[in-house]
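See below for the structure under consideration.
The values are calculated or read from the model by the stated rules, or taken from the named source; none is laboratory data. Note that the coordinates shown come from a computational prediction; the quantities given were computed from them, not determined experimentally. Backbone-built Cβ (ideal geometry, glycine too); neighbour counts: all protein chains shown. When the accessible area is computed, the model is the full protein with side chains, heavy atoms only, and any ligands, DNA or RNA have been set aside. Shrake-Rupley method; radii C 1.70, N 1.55, O 1.52, S 1.80 Å.
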Amino acid sequence: MSAMDYYKVFYHAVKEGSITKAAQQLFITQPSASYAIKQLEDQLGVRLFIRQAKGVMLTEEGKALYHFVEQSYLLLQAGERKITEMRTYHAGIVRLGASDSLCKYYLLPFLIKFRREHPGIRILLSHGKSEDISSRLQQGTIDCGVVHLPAASQQVQVQAVKPIQECFLAAPEIVSLLGSTSLSLGELLQHPFVMLSEQSRTRAFFNAYLHTYGYTLTPDMEVGSVDLLLEFARRGLGISFITRDFASQDLQSGSLVELTTTAQPIPPRSIGVITQPDRTLSLAASYFVQALAIMMKAQAH
């Protein structure tokens, strides 16, 4: 038995008023409990109990010790309960990083479901561009991130991948002016464009796509968010380039129309769940990442 076990026997002997009953509470033999008390008394150099016919009574030294042991034991019990809660996913903290658009269009349903099923787990969400998320992950300020792939850093581990598809969108009145929903890339680029800012991953992808076919473009308008991009496109301020899933409601309602290029197809992209390979996650964070990866993989099929 360890010194901690001696104190456990002491605590229960006081609570039960009997070393025998303490042994029963701890599922040990009565001689083992008596030995623990004797060892504790020898270790401290004082008598802790006065043995009586019907049990034990604390000495003054025993009373002084019990005052501290009780507080310590209750704290240990609280700690054990907290660990049990964390082990059964009733408590814990998850630090997640993602852009606003990925949160709104991909993560929000998952976050709502996860919170409903595990209300005791706190989700600390911080937003930022994919490069920022990768940097925070390496710095250890977040446990996981959802980013556009490839990740800005090679020092991360991709847990799951979901393909996404970009597309050209325009308001119905612009489509009427174009005369068709299927044009060459060169024809499209002759018209006004509304784009996300130069710093966005989507804009970088768009520029690389144009470069493949020998084109460049200076958009008429630049905006800093997907919501604003969609609003400008709905208002007929220009053709936009955006992830198709972000505009699903507009496409269904007809407020925006998808335009296709006849010979220059847009290559697919992907988003992924990333973690730091050399870092051990908490139980809650590990469970969260696993559940998020399962959701991502299911959406990919």
Which one of Gly92, Gly120 is under 23 Å from the mean Cα position of the chain (by Cα), at pLDDT 90 or above and at positive phi? Gly92
Quick check: is even one residue across the stretch 74-89 over 28 Å from Ile242 (Cβ atoms), outside any helix (DSSP H, G or I) and more than 13 Å from the chain's Cα centre (by Cα)? yes
Find the strands (runs of 3 or more DSSP E) located wholly in the stretch 230-301 whose residues include 1 or more that are over 25 Å from the mean Cα position of the chain (by Cα) and farther than 18 Å from Phe114 by Cα, and list them. 239-243, 257-261
Matching residues, the stretch 31-50, being surrounded by 12 or more Cβ atoms within 10 Å (Cβ to Cβ) and farther than 15 Å from Ala64 by Cβ: Ser32, Ala33, Ser34, Tyr35, Ala36, Ile37, Lys38, Gln39
Please specify each residue of the stretch 97-122 satisfying the condition of being under 28 Å from Ala247 (Cβ atoms), of a type outside the set (Ser, Thr, Tyr) and assigned to a loop (DSSP other than H, G, I, E, B). none
Considering each residue of the stretch 125-178, count those that are among the acidic types (Asp, Glu), assigned to a loop (DSSP other than H, G, I, E, B) and at pLDDT below 90, and give that number. 0
Taking the stretch 187-205 and the residues there that are out of contact with any Gly (no Cβ under 9 Å at 6 or more places or on another chain) and open to solvent by less than 20 Å² (accessible area, probe 1.4 Å), the one that is nearest to Ala170 (Cα to Cα) would be Leu188
Being out of contact with any Lys or Arg (no Cβ under 7 Å at 6 or more places or on another chain), surrounded by fewer than 21 Cβ atoms within 10 Å (Cβ to Cβ) and in contact (Cβ under 8 Å) with a residue 24 or more places away in the chain narrows Ser180, Ser184, Ser176, Ser153 down to just Ser184
Inside the stretch 58-71, can you point out the residues that are within 16 Å of Glu16 (Cα to Cα) and either touching an Asp or Glu at 6+ places or on another chain (Cβ under 9 Å) or in contact (Cβ under 8 Å) with a residue 12 or more places away in the chain (or both)? Leu58, Thr59, Gly62, Tyr66, Val69, Glu70
When (1) open to solvent by 80 Å² or more (accessible area, probe 1.4 Å); (2) within 17 Å of Ile274 (Cα to Cα); (3) touching a residue at least 40 places away in the same chain (Cβ under 8 Å) are applied to Ala98, the one that fails is (1)
Consider the stretch 7-35. How many of its residues are assigned to a helix (DSSP H, G or I) and either more than 43 Å from the chain's Cα centre (by Cα) or under 15 Å from Ile50 (Cβ atoms) (or both)? 17
Just a yes or no: is a residue in the stretch 206-216 open to solvent by 20 Å² or more (accessible area, probe 1.4 Å), in contact with a strand residue (DSSP E or B) (Cβ under 7 Å, 6 or more places away or on another chain) and either of a type outside the set (S, T, N, Q) or part of a helix (DSSP H, G or I) (or both)? no
Restricting the search to the stretch 270-301, which residues are in contact with a helix residue (DSSP H, G or I) (Cβ under 9 Å, 6 or more places away or on another chain) and within 17 Å of His148 (Cα to Cα)? Ser270, Ile271, Gly272, Val273, Ile274, Thr275, Gln276, Leu292, Met295, Met296, Gln299
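For (1) of a type in the set (S, T, N, Q); (2) under 18 Å from Val175 (Cα atoms); (3) at pLDDT below 95, each residue gets a yes or a no:
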{"residue": "Glu231", "(1), (2), (3)": "no, yes, no"}
{"residue": "Arg234", "(1), (2), (3)": "no, yes, no"}
{"residue": "Gly238", "(1), (2), (3)": "no, yes, no"}
{"residue": "Asp245", "(1), (2), (3)": "no, no, yes"}
{"residue": "Val257", "(1), (2), (3)": "no, yes, no"}
{"residue": "Thr262", "(1), (2), (3)": "yes, yes, yes"}
{"residue": "Pro265", "(1), (2), (3)": "no, no, yes"}
